[in-house]
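**Q** Structure below; questions to follow.
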């Protein structure tokens with residue numbers, strides 16, 4: 001089976017690696033930047049490169065369009081023009097309504113893998129990038145069933161978990177759990193810098209560091225995401241402002257009971273969200289106080305690793321002098337195994 | 001020198017340990033909960049406990065009030081009534097205007113150490129908790145200079161960095177960098193759960209996990225912080241809503257250039273904030289892709305630790321199947337040392 005990859009960066013390159021290794025596909029690549037196509041060939045992400053979209057697509061059974069969002073609809077339309085009748089064309093863009101509406105073709109299925117935004121470029125591409133990752137697909141009433149089935153099977157073969165979703169719901173959902181958090185991170189940084197005037201900021205705590213970690217993410221990518229999903233993001237912003245306003249009213253009324261109930265609900269809801277999010281059942285948060293001793297993070301990780309406890313998430317909160325602090329760990333199960341494994345290290349552990 | 005600690009939890013207990021060890025103080029404790037006083041005595045956080053505030057305070061040169069915020073002003077007032085004329089009384093509450101206005105006494109100085117909110121209880125108390133930590137002090141025009149000087153010296157002796165700040169500025173600053181981030185975390189969780197109806201959440205990305213990490217923090221503590229700092233927090237919320245509105249207008253206008261500039265500014269500002277925040281100069285972010293291999297976090301931490309590279313901050317982003325992902329590290333210097341130390345592990349490293 002011939003598969004074409006148009007746009008060969010981290011995602012496109014990983015699709016290429018994975019389909020060749022795991023589905024035995026013959027992968028042909030094209031990139032709007034000729035040197036990028038050369039890099040992709042050199043790293044083995046694709047087996048061959050072509051000088052045009054039409055050459056890459058001709059005779060292919062499936063086409064993955066993974067260019068930057070701004071040129072994506074044009075490349076996908078060109079691919080549909082050149083593709084055989086029995087060829088499924090999909091994309092990997094972060095928003096879905098615009099492209100799905102524009103490419104009203106029974107061979108096109110919008111797609112969005114939730115994977116790999118951190119390190120860009122084909123040199124970071126790898127066959128297992130999509131292992132276990134949700135890969136949204138947005139079929140419409142026009143979508144040809146045999147092509148949907150083919151795409152679904154290819155994605156399963158490379159380890160992803162295809163999930164069908166309405167394009168509008170997809171965009172609304174991503175606006176809430178991804179795009180709005182990025183906006184809020186930028187807003188908080190802006191507020192801290194602009195709003196405090198000449199006052200020197202204190203050694204800021206983990207809450208500020210965590211909440212602003214994604215501030216100023218790759219501008220070329222995020223400008224396009226914001227613009228492509230503008231209306232869903234505006235709705236999410238309006239929703240957030242309404243909720244902020246409701247909490248503001250509780251503050252104005254000094255309603256301690258309602259504030260407590262609101263806070264308790266958030267704690268329970270977040271736990272449910274993250275436990276539902278991470279496959280494999282219960283996850284427990286542990287807080288390990290670590291003294292001023294080199295290598296203690298490694299000791300903790302090794303102790304848990306040797307005992308077979310999986311660390312799902314970890315954050316290190318150094319004291320302001322950076323030589324002590326605590327480690328927050330999310331581990332599988334109820335945390336008792338982890339506590340027992342950490343006991344020999346004689347570090348205070350709190351289970352939350 | 002006799003020092004009294006009123007309210008002996010994590011903070012009060014650590015003050016006790018530190019003043020005894022590092023300042024040679026005779027530390028006497030009192031706690032509103034009798035059993036807590038007993039625990040404090042048993043762990044050595046204080047050298048003696050008393051049955052009343054007056055007994056603890058009598059003859060003391062300094063008094064630290066570290067009870068829960070709700071009872072703090074009352075206990076501090078009682079301490080001032082019982083304290084000698086040559087005795088400084090301070091507190092450790094997270095907001096400062098209310099108590100500073102209420103306790104209009106030349107012996108009272110409001111205080112707030114930025115340390116140790118993660119694990120509660122005297123059993124986690126330790127002498128080095130305040131090492132390198134900013135410890136805000138809010139003297140007023142009435143404050144007696146000799147008592148301020150004494151408190152400043154005691155805090156320096158236990159390793160803290162005392163910083164004088166106007167109480168109103170303190171509360172505004174904390175509203176922005178701590179209280180508002182907690183509110184936004186709750187709002188986002190609420191929005192994700194309530195706003196999406198029956199739609200199942202996807203494997204959420206690191207941005208959502210990071211920004212909601214502090215959602216639903218200890219209700220008893222945070223309800224009181226929100227209430228005590230209500231007006232500054234309302235202002236911070238209004239400010240955030242104004243900035244959200246401004247970004248919303250950019251989206252409405254599809255102003256890509258302004259969105260790009262706004263995002264670029266956030267990236268630069270956050271870097272400046274965090275570099276200013278962490279003592280010791282330049283800090284560089286590294287992203288290490290980690291494959292499906294047990295112990296890899298420990299290997300990374302050990303490789304850097306053996307090479308003398310300090311990890312200031314770390315976050316683990318697992319792939320949805322939890323068996324691979326990437327590690328974000330903030331390390332000292334320009335990151336080249338760290339890259340060289342990680343080279344033998346043959347993991348893709350991106351410097352950003």
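The values are calculated or read from the model by the stated rules, or taken from the named source; none is laboratory data. Since this is a predicted model, take the numbers as computed values, not measurements. With ideal geometry, Cβ positions are generated from the backbone for all residues, glycine too; neighbour counts draw on all protein chains shown.
Results for (1) in the same structural domain as residue A:135 (by TED's automatic domain parsing); (2) surrounded by fewer than 23 Cβ atoms within 10 Å (Cβ to Cβ); (3) modelled with pLDDT of 90 or more, shown as yes or no for each residue.
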{"position": "A:179", "(1), (2), (3)": "no, no, yes"}
{"position": "A:194", "(1), (2), (3)": "no, yes, no"}
{"position": "A:239", "(1), (2), (3)": "no, yes, yes"}
{"position": "A:242", "(1), (2), (3)": "no, yes, yes"}
{"position": "A:245", "(1), (2), (3)": "no, yes, yes"}
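**Q** Sort out which residues of the range B:149-179 are in a helix (DSSP H, G or I) and farther than 23 Å from residue B:225 by Cα, and write them in order of number.
**A** Of everything in the range B:149-179, those that are in a helix (DSSP H, G or I) and farther than 23 Å from residue B:225 by Cα turn out to be B:149, B:150, B:151, B:152, B:153, B:154, B:155, B:156, B:157.
**Q** Consider only pairs whose beta carbons are under 9 Å apart and that are at least six residues apart or on different chains; among these, list those whose first residue lies in the range B:209-223 and is more than 7 Å from chain A (Cβ to nearest Cβ) and whose second residue is assigned to a loop (DSSP other than H, G, I, E, B).
**A** B:217/B:117; B:218/B:117; B:218/B:120; B:220/B:68; B:221/B:68; B:221/B:94; B:221/B:117; B:221/B:120
**Q** I'm told residue A:170 meets every condition in (1) more than 7 Å from chain B (Cβ to nearest Cβ); (2) surrounded by fewer than 23 Cβ atoms within 10 Å (Cβ to Cβ) except one. Can you identify the failing condition by its number?
**A** That leaves (2) as the condition not met.
**Q** Could you grab me the full set of residues in the range A:330-352 that are assigned to a strand (DSSP E or B) and at pLDDT below 80?
**A** A:330, A:331, A:332, A:351
**Q** In the range B:147-161, how many residues are more than 14 Å from chain A (Cβ to nearest Cβ), touching a residue at least 12 places away in the same chain (Cβ under 8 Å) and either within 16 Å of residue B:92 (Cβ to Cβ) or surrounded by fewer than 15 Cβ atoms within 10 Å (Cβ to Cβ) (or both)?
**A** Total meeting the criteria: 3.
**Q** Could you tell me whether residue B:260 is farther than 14 Å from residue B:182 by Cα and more than 8 Å from chain A (Cβ to nearest Cβ)?
**A** no
This table checks each residue for (1) at pLDDT 95 or above; (2) in a helix (DSSP H, G or I).
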site	(1), (2)
A:202	no, no
A:207	no, yes
A:223	no, yes
A:249	yes, yes
A:301	no, yes
A:304	no, yes
A:309	no, no
